[in-house]
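Below is one structure; the comments refer to it alone.
The values are calculated or read from the model by the stated rules, or taken from the named source; none is laboratory data. Just so it is clear, the model here is predicted, and its values are computed rather than measured. With ideal geometry, Cβ positions are generated from the backbone for all residues, glycine too; neighbour counts draw on all protein chains shown. In case anyone asks, the SASA skips ligands and DNA or RNA and just uses the protein heavy atoms, side chains included. Shrake-Rupley method; radii C 1.70, N 1.55, O 1.52, S 1.80 Å.
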Amino acid sequence: MGRLDKLPPYLFSAIDAAKEKARAAGVSVVDLGVGDPDRPTPRALVEVMARAVADPACHCYPAQRGDAGLKQAIALWLASRHGVHVDPARQVLVLVGSKEGLGHLPLTCVEEGDNVLVPDLGYPVYGQATILAGGEPRAFKLKSEMGFLPDLDELARLMDNRTRLLFLNYPNNPTGAVAGQAFWQQVVELCGERNVILVNDAAYLEVTLDGSRPASLLRAADPAADRVVELHSLSKMFNMTGWRIAFAAGHPDVVGDLARVKESIDSGVFTAIQATAAHALGESFTDLLDSVMCAYPERRRIMVDALTSAGFEVFDAAATFYVWCRVPGNESSVDFCGRALEDIGVVVTPGPGFGPGGEGWFRISLTASDEDVAEGARRIGAWK
Ligand SMILES: Cc1ncc(COP(=O)(O)O)c(C=O)c1O
């Protein structure tokens with residue numbers, strides 16, 4: 001079987017088709033499906049970008065591994081925000097969005113017959129990128145009774161001498177679970193013993209409900225010595241999903257190998273976007289972040305209140321802009337979500353879109369307008 005044939009079907013295409021069909025039939029659809037912020041990029045950043053676009057110095061090919069100014073800003077930000085110390089020249093790499101970095105990582109180390117541990121519940125890219133690199137994704141469970149953290153014994157059992165990477169994602173999409181410092185230390189130790197590269201997809205590290213700072217993997221490890229890498233993204237931090245800017249930070253060899261793969265494929269991120277990112281991570285970072293994150297706590301309160309009043313079981317998330325909720329009764333997630341669209345015109349995502357372990361759950365995204373989130377909550381709350 002060819003690599004493309006091994007890729008699993010893309011569940012979200014079916015949801016998109018059902019949504020369009022409902023709209024065409026005149027249903028007023030409330031879309032709480034995708035995690036794409038409804039609000040614009042902060043004005044101050046758009047202004048920095050407008051100035052940078054007009055600067056001819058930005059019009060040439062960008063620096064391949066990232067602009068030195070941005071890499072310096074990233075290193076300073078990691079130190080001040082997360083207490084993490086990296087050499088910007090050797091341990092930081094600018095990415096065309098974190099999806100790009102995650103997608104290319106297996107190409108750095110996976111040979112035919114190797115395997116990669118991927119969470120079942122997780123962003124589908126980890127497994128797909130493994131397959132495209134010729135490897136075998138090995139799924140491990142994230143269970144509600146463990147707060148959607150993996151069982152370290154299960155991880156140890158799944159690892160063998162062909163295991164190259166372990167993908168984790170905390171704060172977690174779709175559940176909103178957060179990993180603490182002690183957990184990270186244990187996984188760093190396990191991966192060190194087994195010579196497995198540990199990756200944390202930290203796309204939601206700054207998407208918290210109360211301004212807290214979830215633990216960075218890089219804080220629990222020694223990124224100069226341990227083979228770890230963390231991928232950070234400005235997409236959700238600053239409502240910049242369309243801009244495509246993120247970065248990897250970690251062990252110099254892991255970061256360097258990823259840079260070598262990228263050198264064969266892309267030519268870096270538009271310098272004007274890199275200049276804007278450097279500004280975003282600078283002195284005004286906290287104010288900018290607050291101006292973005294302030295939208296979510298009230299939306300979550302309204303949604304969770306409606307769900308719990310209607311008898312739904314909601315996972316008590318500490319981060320992300322998702323609500324992870326159990327499907328009532330014995331109905332399958334796909335049937336339940338299909339009925340939500342048919343009966344009340346609300347789009348929510350069935351849990352199996354993130355792996356078989358998502359059966360019996362669905363995800364609500366809070367990235368629609370305040371009005372739509374309130375209307376979605378009202379419709380779900382009144383649904384019989
Ligand atoms: C868990 C997770 N990781 C990575 C990404 C990709 O983000 P980016 O826009 O940085 O490519 C997403 C996007 O939704 C995501 O949910």
Helices (runs of 4 or more DSSP H) fully within segment 205-272 counting 2 or more residues that are open to solvent by less than 10 Å² (accessible area, probe 1.4 Å), in the same structural domain as P171 (by TED's automatic domain parsing) and away from the ligand (no atom under 11 Å from the Cβ): 217-220, 252-263
message: As an exercise: evaluate S144 against (1) surrounded by fewer than 22 Cβ atoms within 10 Å (Cβ to Cβ); (2) over 18 Å from T320 (Cα atoms); (3) more than 18 Å from the chain's Cα centre (by Cα) and give the number of the one condition it does not meet.
response: (2)
message: Of all residues being farther than 12 Å from G268 by Cα and buried (at least 21 other Cβ atoms within 10 Å of the Cβ) in segment 89-102, which is farthest from the ligand (Cβ to nearest atom)? Just the residue, please.
response: Q91
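Do we have any residue at all in segment 315-337 that's in a helix (DSSP H, G or I), open to solvent by 60 Å² or more (accessible area, probe 1.4 Å), closer than 24 Å to D36 by Cβ and assigned by TED's automatic domain parsing to the domain that holds P62?
Scanning segment 315-337 turns up no residue that is in a helix (DSSP H, G or I), open to solvent by 60 Å² or more (accessible area, probe 1.4 Å), closer than 24 Å to D36 by Cβ and assigned by TED's automatic domain parsing to the domain that holds P62.
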message: Regarding segment 126-137, can at least one residue be identified that is hydroxyl-bearing (S, T, Y), open to solvent by less than 40 Å² (accessible area, probe 1.4 Å), over 17 Å from K99 (Cβ atoms) and touching a residue at least 40 places away in the same chain (Cβ under 8 Å)?
response: no
- prompt: In segment 81-119, how many are over 23 Å from Q181 (Cβ atoms) and hydroxyl-bearing (S, T, Y)?
  reply: 1
- prompt: So, of the residues in segment 189-202 that are part of a loop (DSSP other than H, G, I, E, B) and either hydroxyl-bearing (S, T, Y) or open to solvent by less than 10 Å² (accessible area, probe 1.4 Å) (or both), which turns out to be farthest from the ligand (Cβ to nearest atom)?
  reply: V196
task: Those residues that are in a helix (DSSP H, G or I) and open to solvent by 60 Å² or more (accessible area, probe 1.4 Å), I need them from segment 38-49; list them, please.
output: R43, V46, E47
- prompt: Does A75 satisfy being more than 30 Å from G147 (Cβ to Cβ) and either within 22 Å of the chain's Cα centre (by Cα) or without any contact (Cβ under 8 Å) to a residue 40 or more places away in the chain (or both)?
  reply: yes
- prompt: Which residue pairs have Cβ atoms under 8 Å apart, sit 6 or more places apart or on different chains, and have a first residue in segment 207-233 that is farther than 22 Å from K99 by Cα and a second that is β-branched (V, I, T)?
  reply: R219/V84; A220/V188; A221/V188; A221/V228; A224/V86; D226/V188
query: Can you name the condition, by its number, that E283 falls short on among (1) over 24 Å from the mean Cα position of the chain (by Cα); (2) at pLDDT 95 or above; (3) open to solvent by 10 Å² or more (accessible area, probe 1.4 Å); (4) not assigned by TED's automatic domain parsing to the domain that holds V92?
result: (4)
field: Residue check for A278: more than 30 Å from S13 (Cβ to Cβ), modelled with pLDDT under 95, in contact with a Leu (Cβ under 9 Å, 6 or more places away or on another chain) and open to solvent by 10 Å² or more (accessible area, probe 1.4 Å)
entry: no
Leading residue by the ranking (most open to solvent (accessible area, probe 1.4 Å)) among those in segment 361-384 that are assigned to a loop (DSSP other than H, G, I, E, B) and either of a type in the set (K, R) or modelled with pLDDT under 95 (or both): K384
- request: With respect to P62, determine if the residue is over 30 Å from D222 (Cβ atoms), away from the ligand (no atom under 16 Å from the Cβ) and surrounded by 19 or more Cβ atoms within 10 Å (Cβ to Cβ).
  value: yes
field: Within segment 171-188, considering residues that are farther than 16 Å from V125 by Cβ and within 16 Å of the ligand (Cβ to nearest atom), the one surrounded by the most Cβ atoms within 10 Å (Cβ to Cβ)
entry: T175
task: Please tell me if L307 is outside the structural domain of D31 (by TED's automatic domain parsing) and surrounded by 13 or more Cβ atoms within 10 Å (Cβ to Cβ).
output: no
